[in-house]
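Quick notes on the structure that follows.
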Amino acid sequence: NCLNSIKGLIYRQRMVEADLYIDRFAQLFRNTLEASYEHDYPLSSEISYLRAYLEIEQMSMNYKFDFEFIIDPQLDINQTLIPAMLLQPHVENAVKHGVSVLRDQKGLITISFEKRENYLICTVRDNGPGRKAQHPKPEGQHIGKGISITEKRAKLYEIETEFIEHATGGTSVILKLTITKHYD
């Protein structure tokens, strides 16, 4: 998908955007390779990965949505370790099932990291229609495996996961995990 989007930008002579897209895609690819060799990695790497992913999605969707990161100042994101690529499936769902389906307003995805006692609370929130508003998939249509795999990983790492439907629209996914490791 990324390569097709880059190709389309080149055909439309949008070279500055194509160049930026290639840079973000390369960063995303590097981060993916790095994460594939890691059990846990620094929260800063997860944030970098998610930022590159969201920038690519923004470009693909003609900046139909914004995103923001809110990071608790108590967290040292370079020393706090989390399972590699823990949040990506939830962020992808916020894009694909949340903000991409909005018609009358600009989308917003907020990703926050908060330290509470010995826990890291990670929240992914979108302002889309919410999970209840989603229609069931027609028979034979592809059903993604990302969330299923993420749920299995959450059990493995003893991560509490909660989904919240907001009355004003949108969904939040909240993950609570114990902060156990730090780089020395």
query = Taking the chain as a Gaussian network, where each spring joins two C-alpha atoms under 10 Å apart, which residue of ASN62, ASN31, ASN127 fluctuates the most?
reply = ASN62
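If R0 is 30 Å, what FRET efficiency do you get for ASN118 and SER148 from their C-beta distance, rounded to 0.05?
Details: r = 28 Å, r/R0 = 0.95.
So, using R0 = 30 Å, E works out to roughly 0.60.
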remark   = Connecting every pair of Cα atoms under 10 Å apart in the chain and solving the GNM, the largest mean-square fluctuation among VAL99, VAL173, VAL16 falls on VAL16
Highest-fluctuation residue, TYR21, TYR157, TYR41 considered, GNM on the chain with Cα pairs under 10 Å = TYR157
Dipole magnitude of the chain about its Cα centre (Cβ charges: Lys, Arg +1; Asp, Glu -1), debye to nearest 20 = 680
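At 1.4 Å probe size, with the rest of the protein present, what percent of the exposed accessible area of segment 1-51 is carbon and sulfur atoms?
57
Hey, what number do you get for the chain at 222 nm if only DSSP H runs of n ≥ 4 count, each worth -39500 (n - 2.57), divided across all residues, to the nearest 500? Before the final figure, lay out each step's value.
Working: 5 runs with 67 residues, N = 184.
That calculation yields -11500 deg cm²/dmol at 222 nm.
Leaving out ligands and nucleic acids, and using a 1.4 Å probe, what accessible area per residue does segment 1-84 come to in Å²? It would help to have the intermediate numbers written out before the result.
Numbers: 4720 Å² over 84 residues.
Spelled out: the 1.4 Å probe surface of segment 1-84, per residue, equals 56 Å².
Over segment 1-104, calculate the relative contact order: mean separation of alpha carbon pairs under 8 Å at least 6 apart, over the residue count, as a percent. Provide the component values of the computation, followed by the final result.
On the way: 75 pairs, mean separation 31.1, N = 104.
Relative CO of segment 1-104 lands at 30 percent.
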request  = Sort GLU117, GLU160 from largest to smallest accessible area, using a 1.4 Å probe on the heavy atoms of the protein chains.
outcome  = GLU117, GLU160
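The values are calculated or read from the model by the stated rules, or taken from the named source; none is laboratory data. Since the structure is predicted, the reported quantities are computational estimates derived from the model, not experimental observations. Using ideal geometry, Cβ is built from the backbone for each residue, glycine included, and neighbour counts are taken over all protein chains shown. Each accessible area value is taken on the protein alone, full model and side chains, heavy atoms only, with ligands, DNA and RNA left out. Shrake-Rupley method; radii C 1.70, N 1.55, O 1.52, S 1.80 Å.
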